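The values are calculated or read from the model by the stated rules, or taken from the named source; none is laboratory data. Values in this document were obtained by computation on a predicted structure and should not be read as measured data. For neighbour counting, all protein chains shown are included, and Cβ atoms are generated from backbone atoms with ideal geometry for every residue, glycine included.
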Amino acid sequence: MTPVLYFVIPCYNEEQVLPRTSGLFLAKLNSLIEAEKISPDSRVMFVNDGSSDSTWSIISSLTEEDEHYSGISLSHNRGHQNALIAGLMEARLRADITISMDCDGQDDINCADQMVDEYLKGCDIVYGVRNDRKTDSAFKRTSAGCYYSLLRGMGVDIIPNHADYRLMSSRVLDALAGYGEVNLFLRGIIPQMGFKSSIVYYSRAERIAGKTHYPLGKMISLAIDGITSFSVRPLRIITVLGAFVAFLSFIGIIYALISAATGNIVEGWTSMTCIICFVSGIQMISLGVIGEYIGKIYLETKHRPRYIIDERKNLKDVTED
Ligand code: UDP
Ligand code: MG
């Protein structure tokens with residue numbers, strides 16, 4: 001039997017993009033169905049992440065035009081990672097495989113064939129990895145490079161140059177359903193699960209229209225989530241730093257005592273000020289890092305749902321057994 005494939009595509013305020021890319025997804029789905037690689041029950045599933053523009057009405061009319069389109073709409077904007085998990089968890093109950101991707105045409109849809117081939121050969125996860133970063137600004141290229149090194153330094157296992165373009169089998173999705181965390185960083189979780197995986201390389205295009213929803217602030221916040229959701233090394237670094245500063249202070253005390261003994265007690269104002277500023281700076285940073293983890297604990301302990309589904313289109317009711 002051929003597997004049921006669901007493309008899972010989060011969309012947030014994408015009215016300029018969807019009319020242009022939706023046909024590409026459907027054409028790819030149909031070509032895979034014709035090649036008898038996937039079942040005719042396969043779908044292009046859009047996740048409307050609480051858009052404030054006409055994205056959901058575009059998705060709704062697509063689902064009326066063709067039965068291969070389906071959609072879910074979240075009651076509020078919950079961010080890319082939550083929209084993605086909402087779509088994946090809906091697809092889990094209906095599909096054998098999912099391929100998640102951006103709706104803006106940046107992830108090369110033609111890789112889907114290769115991804116399905118890898119699945120048919122026995123892989124449970126297939127990562128879409130960029131083979132270059134030519135379409136990125138110099139700033140994004142450099143910051144991405146530094147970020148990957150930093151993550152590796154913190155002991156987080158991620159696939160460089162891979163975002164959220166990936167195939168996952170229902171086995172992986174079942175395992176993923178057990179990860180209840182609200183601080184979601186899927187590209188950290190998935191490699192950690194350890195299923196048989198492979199990589200498909202693609203070159204990432206420019207956005208077809210509209211602009212990115214990841215400005216610098218959101219990128220930094222995702223980056224911090226990536227580190228703090230997977231590693232406690234920053235807390236250890238604080239301890240080591242504390243020990244180092246304590247050692248320096250000890251030398252300072254000896255110096256101060258010798259100065260006092262030799263009657264040289266007025267001098268040293270500059271060095272004292274520098275030390276106070278330096279140490280208080282380190283303390284503030286340390287408090288910030290600890291606060292970041294406490295904030296995460298606070299959010300996790302509330303066990304709030306990560307998303308609420310408001311509407312579904314072209315999706316048969318299923319019950320979890
Ligand atoms: N997205 C979403 N919710 C958000 C922000 C983005 O569902 O709050 C979707 C967006 O519509 C797109 C994908 O997530 O399909 C990636 O966003 P974007 O293309 O803006 O990011 P970039 O590719 O520039 O990193
Ligand atoms: Mg994009």
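Considering (1) within 16 Å of the chain's Cα centre (by Cα); (2) without any contact (Cβ under 8 Å) to a residue 24 or more places away in the chain; (3) away from ligand 1 (no atom under 16 Å from the Cβ), say which one ALA144 fails and leave the rest.
Unmet condition: (3).
If we scan region 118-134, do we find a residue that is touching a Ser or Thr at 6+ places or on another chain (Cβ under 7 Å), away from ligand 2 (no atom under 16 Å from the Cβ), of a type outside the set (A, V, I, L, M) and assigned to a strand (DSSP E or B)?
Looking for residues that are touching a Ser or Thr at 6+ places or on another chain (Cβ under 7 Å), away from ligand 2 (no atom under 16 Å from the Cβ), of a type outside the set (A, V, I, L, M) and assigned to a strand (DSSP E or B), one finds at least one in region 118-134, hence yes.
Checking the condition more than 15 Å from LEU18 (Cα to Cα) and touching a strand residue (DSSP E or B) at 6+ places or on another chain (Cβ under 7 Å), which residue from LEU120, LEU74 passes?
It is LEU74.
What number of residues in region 193-217 are modelled with pLDDT under 90 and either farther than 17 Å from CYS103 by Cβ or touching a Cys at 6+ places or on another chain (Cβ under 6 Å) (or both)?
Matching residues across region 193-217 total 3.
For the structure I just gave you, tell me whether ILE58 is modelled with pLDDT of 95 or more, assigned to a helix (DSSP H, G or I), over 24 Å from ILE189 (Cα atoms) and away from ligand 1 (no atom under 11 Å from the Cβ).
Yes, satisfied.
Any residue at all in region 170-178 that's at pLDDT 85 or above and assigned to a loop (DSSP other than H, G, I, E, B)?
Yes, region 170-178 contains a residue that is at pLDDT 85 or above and assigned to a loop (DSSP other than H, G, I, E, B).
What single numbered condition from (1) of a type in the set (Val, Ile, Thr); (2) out of contact with any Phe, Trp or Tyr (no Cβ under 6 Å at 6 or more places or on another chain); (3) without any contact (Cβ under 8 Å) to a residue 60 or more places away in the chain fails to hold for VAL172?
Condition not satisfied by VAL172: (2).
Can you go through GLY87, GLY105 and tell me which one is modelled with pLDDT under 95 and either within 16 Å of ligand 2 (Cβ to nearest atom) or surrounded by 24 or more Cβ atoms within 10 Å (Cβ to Cβ) (or both)?
GLY105
Of the residues in region 1-34, how many are among the hydrophobic types (A, V, I, L, M, F, W, C) and either within 17 Å of GLU65 (Cβ to Cβ) or without any contact (Cβ under 8 Å) to a residue 24 or more places away in the chain (or both)?
10
How many residues does region 1-26 contain that are under 27 Å from the mean Cα position of the chain (by Cα), more than 10 Å from ligand 1 (Cβ to nearest atom) and of a type in the set (A, V, I, L, M, F, W, C)?
Residues that pass the stated criteria total 7.
Do we have any residue at all in region 21-40 that's among the hydroxyl-bearing types (Ser, Thr, Tyr), away from ligand 2 (no atom under 16 Å from the Cβ) and either farther than 25 Å from THR319 by Cα or in a helix (DSSP H, G or I) (or both)?
Yes - at least one qualifying residue is present in region 21-40.
Return the pair list, or none, for Cβ contacts closer than 9 Å from residues in region 195-218 that are touching a residue at least 40 places away in the same chain (Cβ under 8 Å) to residues that are among the small types (Gly, Ala, Ser) and within 12 Å of ligand 2 (Cβ to nearest atom), at least 6 apart or on different chains.
Pairs found: ARG204/ALA163; ALA205/GLY105; GLU206/GLY105; ARG207/GLY105; ILE208/GLY105; ALA209/GLY105.
Somewhere in region 74-82, is a residue part of a helix (DSSP H, G or I) and more than 16 Å from ligand 1 (Cβ to nearest atom)?
No; the residues of region 74-82 include none that is part of a helix (DSSP H, G or I) and more than 16 Å from ligand 1 (Cβ to nearest atom).
Quick check on ASP317: is it without any contact (Cβ under 8 Å) to a residue 12 or more places away in the chain and under 30 Å from ARG94 (Cα atoms)?
Criteria met by ASP317.
In region 182-204, how many residues are more than 15 Å from ligand 1 (Cβ to nearest atom), surrounded by 16 or more Cβ atoms within 10 Å (Cβ to Cβ) and part of a helix (DSSP H, G or I)?
Count: 5.
Would you mind finding the one in ASP157, ASP225, ASP174 that is more than 25 Å from GLY295 (Cβ to Cβ), of a type in the set (D, E, K, R) and more than 16 Å from ligand 2 (Cβ to nearest atom)?
Going through ASP157, ASP225, ASP174 in turn, just one is more than 25 Å from GLY295 (Cβ to Cβ), of a type in the set (D, E, K, R) and more than 16 Å from ligand 2 (Cβ to nearest atom): ASP174.
Looking at region 91-101 only, could you name the residues that are under 24 Å from SER61 (Cβ atoms) and either surrounded by fewer than 24 Cβ atoms within 10 Å (Cβ to Cβ) or at pLDDT below 95 (or both)?
ARG94
Cβ-Cβ distance below 7 Å, separation of 6 or more or different chains: which pairs start in region 235-259 with a residue that is at pLDDT 85 or above and end on one that is basic (Lys, Arg) and exposed (fewer than 10 other Cβ atoms within 10 Å of the Cβ)?
Pairs that qualify, where the first residue is at pLDDT 85 or above and the partner is basic (Lys, Arg) and exposed (fewer than 10 other Cβ atoms within 10 Å of the Cβ): there are none.
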